[in-house]
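The values are calculated or read from the model by the stated rules, or taken from the named source; none is laboratory data. Remember, predicted model here, so these are calculated numbers, not experimental data. Positions of Cβ are backbone-derived with ideal geometry, glycine not excepted, and every protein chain shown enters the neighbour counts. Quick note on the areas: whole protein, heavy atoms, side chains included, nothing else; ligands and nucleic acids left out. Shrake-Rupley method; radii C 1.70, N 1.55, O 1.52, S 1.80 Å.
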Amino acid sequence: MPLSRHALSDAAQRFGTPLYVYDDAELTAARRRVQQAFGTARVFYAMKANPNLTLLRGFAAAGLGFECVSLGELARAEALGLSGERLILNGPAKSDAEYAAAARLGATIVVDREEEVMLLPPGSRVLVRVNPSLTVSTHDHLATGTARSKFGLTPEQVPGTLNELRDAGHEVLGLHVHIGSAIEQAEDFTAAFARVTALRSQVGELGVLNVGGGWQSNADLPGIAYEAHEAARAFGAELWVEPGRYLVAGAGWLLTRVVGTKRTGRNFCLVDAGMTEFLRPMLYGAAHPLYPMWDALATEIWDVAGPACESGDLLARGVPLPTPQRGQLLVIGEVGAYGASMSSSYLSRPRPAEALWDGQEWHLIRRRETPQETWAAEV
Ligand SMILES: *Cc1c(COP(=O)(O)O)cnc(C)c1O
């Protein structure tokens, strides 16, 4: 772990727990790995992985565009002054307000179903999303390119829809494919790109091929980049990519304090973060690395449980930990993506604070919500 124990306990002391912390050097390193591996491709950061404005500002300054999936995400991009070719709007069920915002900002819109031909603002710049109908090596809820997932058009629907879009006066840039998140096997990308390039003879040359994201923190980026560039070349197209997780996952840690222990036949290590701060273990059965910031003579097997009144509120099950005590600090790794962005105020729990380490010192980049803010919108 690049952050020292001292820096981590300092952050917990200053900003309280539960707390998300990010290392700026890691964010920069991941971004450079993407830019080096993909070379000439255009990179759009999938903002849903972590939409904190400080992180977005860094990516924007490095020349990245943003992939947005909601009105709120478009508003974040607009707040940072981004528009036009730097923005993509994606989503399976876009609202009128989202189409209008995309049109006003000049964002590229990804068409996800045939019906959208009639719904798009006049003269939209579009990509058409292909669902390659594959089995994908990830949790069922993270797979978006399977035959029963709600995303994209079937390959059979694509050629006709491209023609209809052109006839309706829209600017068709090309195709889009994104098969899911946290994809375990590189062959899944190869298979998806093959399904898309199989359309080449029917759809002809294209301006853009956008191959989405879905790469794990340890993915073979040069390998994926090679395949993606080959697929784009088949269409004579420029390559676009939309990484979310890869750019931020490894740069984030969740700091939580031990509230106490309980022994009932199972050993529970109770901590002050749970499903409301970090949903991935409950939602996807995700296993994240744990770093106990304490030493003890004995190591036993523990379930790490949060404070929510929900049986599923576990951050880890059956993991070895040195015997914990109230007040000690537990650090959870690989949480920079889909961590803070999925936190909620369920149980009227204020959403956690976030801090950034710049190599010298901590900067608070989101203050902890107050309990009052959890009902601020109620009338
Ligand atoms: C979520 C999403 C991404 C990013 O996925 P990661 O697994 O975070 O890289 C890219 N494109 C689309 C369309 C998405 O929905």
So which residues in the range 1-47 are among the polar types (S, T, N, Q) and either under 28 Å from Arg349 (Cβ atoms) or open to solvent by 50 Å² or more (accessible area, probe 1.4 Å) (or both), if there are any at all? Ser4, Ser9, Gln13, Thr17, Gln35, Gln36, Thr40
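Could you identify the single residue in Gly160, Gly169 that is part of a helix (DSSP H, G or I), surrounded by fewer than 16 Cβ atoms within 10 Å (Cβ to Cβ) and away from the ligand (no atom under 16 Å from the Cβ)?
Working: Gly169 fails: part of a helix (DSSP H, G or I).
Residue meeting the stated conditions: Gly160.
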Say whether the condition of being open to solvent by 10 Å² or more (accessible area, probe 1.4 Å), within 15 Å of the ligand (Cβ to nearest atom) and in a loop (DSSP other than H, G, I, E, B) is met by at least one residue in the range 73-87. no
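Taking Ser217, is it surrounded by fewer than 23 Cβ atoms within 10 Å (Cβ to Cβ) and within 16 Å of the ligand (Cβ to nearest atom)? Outline the logic, then answer.
Numbers: surrounded by fewer than 23 Cβ atoms within 10 Å (Cβ to Cβ): yes; within 16 Å of the ligand (Cβ to nearest atom): yes.
Yes; evaluated as a whole, the condition is true for this residue.
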Top-ranked residue of the range 199-222 - restricted to ones that are in contact with a helix residue (DSSP H, G or I) (Cβ under 7 Å, 6 or more places away or on another chain) and in contact (Cβ under 8 Å) with a residue 40 or more places away in the chain, ranked as farthest from Pro159 (Cα to Cα): Ser217
Is one or more of the residues making up the range 241-263 closer than 23 Å to Asp23 by Cβ and open to solvent by 60 Å² or more (accessible area, probe 1.4 Å)? yes
For the range 116-124, indicate whether the set of residues that are closer than 18 Å to Val69 by Cβ, crowded, with 22+ Cβ neighbours inside 10 Å and in contact with a Ser or Thr (Cβ under 8 Å, 6 or more places away or on another chain) is non-empty. no
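Select from the range 259-288 the residues that are part of a strand (DSSP E or B) and touching a residue at least 40 places away in the same chain (Cβ under 8 Å) and list them in ascending order.
Step one: filter the range 259-288 for residues part of a strand (DSSP E or B), giving 259-263, 267-271.
Answer for the range 259-288, where residues must be part of a strand (DSSP E or B) and touching a residue at least 40 places away in the same chain (Cβ under 8 Å): Val259, Gly260, Thr261, Cys269, Val271.
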